[in-house]
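I have placed the structure first, in the form of structure tokens, so that the comments after it can refer back to it.
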Amino acid sequence: MAISGKEREDFEKKLEAYVGIDIGLEDVGRNPVNEAMVRQWCEAMGDELGAYTDAAAAEQSVHQGLVAPPTMLQAWILGGVAMASGEDDPRDKQKELHRLFDAHGFTGVVATNTEQQYLRYLRPGDEVRAKTSIESISEQKATGLGIGYFINTRTVFRVQDDEEVGSLTFRVLKFEAEERPAATDESAAPMAGKPQRIKPALGHDNEWWWQRVEQGELVIQKCSACGALRHPTRPMCGECQSTDWESVPASGRGTIYSFVVIHYPEVPGYTYPLVVAVVDMEEGTRFVSNVVDIEPEEVEIGMSVQASVELVDDEMKLPVFRRV
Amino acid sequence: MTETRNYTDVQLGDNLPELAIDLTVSLIVAGAVASQDYTPVHHDKKSAQEAGMQDVFMNILTTNGLVSRFVTDWAGIDSRVTNVAIKLGTPNLPGDTMNLSGEVTAKDEESGSVTVAITGKNAWGNHVTGTVDLVLPKGAN
């Protein structure tokens, strides 16, 4: 539960004191902008732009000589290996602010937005330094991750002669994280492996049908008393109320009765745009499934289709339809 | 890569050639090291797992670097990036692929600046969405 009442009031008053202040430290690049670090960056990113690593090409370009990739801006002042220790500089007001959030239950942290502005590209020899200030702290917000506050910081980058070369605004959410055990079991971690489709809810009345699909078969439930076909599967015949049933193979041939094309929201595991159709099967029942290998704008009501039972991800088989 | 794109060649609605990035541990660690970002979750699997993730995940600077590369691959050597604004979504984890796509959404005649809206999508959804502003040369080069 997030703090409330007087406690929240006092907390938010403490937060106010941080708005607009410098975090108290200046980050100074330990090396001037140099070709070795640029090359390493370009190799990591697979960036082959001549302006960064090909002196002759850079000379003839608008840059008139080698420049550093603009998105490297922050790399020139980051702490390197020392960051791995996780130790905070006690003078750092930003860390102090984060600890204040932690102490009030807002222990989660996630970066949500960054914006970098470049006044000019950096060149070998430029000596970069940066100062960061806390620009704003939002009101308390309810977010998908939990209740929290957004903190905006702004970092201004300067080089020799106090020339401003760019800036970075950074937005993080400090939120009340739900207790979650460490993901030592890999399969329990969020986003472990590849996303798979949502599985059908199996029960007494439909499990047998999905087992047949798993074996590559497409069947239709048939009343053993009156012979009427029905789908989706259910325990009793709607025509004669008999609970005796059997199944017959479906030809898979049908025509599209209706369809939708789903664009949004996208659920992991599915490919979009996703065509979902209600198909009139030639036996007289209807199936709902995807129409595949077709541009969504080419799908039409009345179009003849053929079902085929296939793996639709790493785990699940489904009858899907193709135009014939 | 010395070719370049002129401001006049670019139309609103133009799509950039898509770029698929294989998300390997090597890329994630190389990007973190190249950006001097040794926060343990970007190179140490155990730390990442203690933070609730299944494996090391890409840092923001690498995302920025890949987005910039994607746009300048298209724009060429005489372009100048002036602004990169991104929103972060699902993390980039090893074993996945990020597909970058982009579309020209604005042009400013006076400055010769164009805005490219970009999306970097992995199997779990959008890793990154945002815009890149860059100035392109005008006229024949």
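The values are calculated or read from the model by the stated rules, or taken from the named source; none is laboratory data. What you see is a predicted model, and the numbers here were worked out from it, not measured in a lab. Quick reminder, even Gly has a Cβ in these numbers, built from the backbone with ideal geometry, and neighbours come from all protein chains shown.
When A:Glu115, A:Glu163 are screened for being in contact with a Phe, Trp or Tyr (Cβ under 9 Å, 6 or more places away or on another chain), modelled with pLDDT of 95 or more and either closer than 28 Å to A:Lys13 by Cβ or not aliphatic (A, V, I, L, M) (or both), only A:Glu115 passes. A single entry from A:Gln221, A:Gln211, A:Gln241 fulfils the requirement of being in a loop (DSSP other than H, G, I, E, B) and modelled with pLDDT of 95 or more: A:Gln241. Of all residues in region A:92-135, those satisfying the criterion of being in a strand (DSSP E or B), small (Gly, Ala, Ser) and surrounded by 16 or more Cβ atoms within 10 Å (Cβ to Cβ) are A:Gly108, A:Ala130, A:Ser133. Criterion applied to A:Gly29, A:Gly65 was being small (Gly, Ala, Ser), more than 21 Å from A:Val156 (Cβ to Cβ), in contact with an Asp or Glu (Cβ under 9 Å, 6 or more places away or on another chain) and more than 9 Å from chain B (Cβ to nearest Cβ), and the one residue passing it is A:Gly65. Look at region B:81-101: where a residue is touching a residue at least 60 places away in the same chain (Cβ under 8 Å) and more than 7 Å from every other protein chain (Cβ to nearest Cβ) and a partner is assigned to a loop (DSSP other than H, G, I, E, B) and among the β-branched types (Val, Ile, Thr), sitting 6+ places away or on another chain with Cβ atoms under 8 Å, you get B:Pro94/B:Thr24; B:Pro94/B:Val56.
Residue check: B:Gln54 meets all listed conditions (1) of a type outside the set (Val, Ile, Thr); (2) under 14 Å from the mean Cα position of the chain (by Cα); (3) facing another protein chain (nearest Cβ under 8 Å); (4) in a loop (DSSP other than H, G, I, E, B) but one, namely (2).
Taking (1) surrounded by 15 or more Cβ atoms within 10 Å (Cβ to Cβ); (2) in contact with an Asp or Glu (Cβ under 7 Å, 6 or more places away or on another chain); (3) not polar (S, T, N, Q) in turn, A:Arg234 satisfies each apart from (1).
Reported count of residues in region A:1-59, each being in contact (Cβ under 8 Å) with a residue 24 or more places away in the chain, farther than 30 Å from B:Met98 by Cβ, in a helix (DSSP H, G or I) and not acidic (Asp, Glu), is 4. Just checking, how many residues over region A:79-110 are at pLDDT below 90 and among the hydrophobic types (A, V, I, L, M, F, W, C)? Residues that pass the stated criteria total 5.
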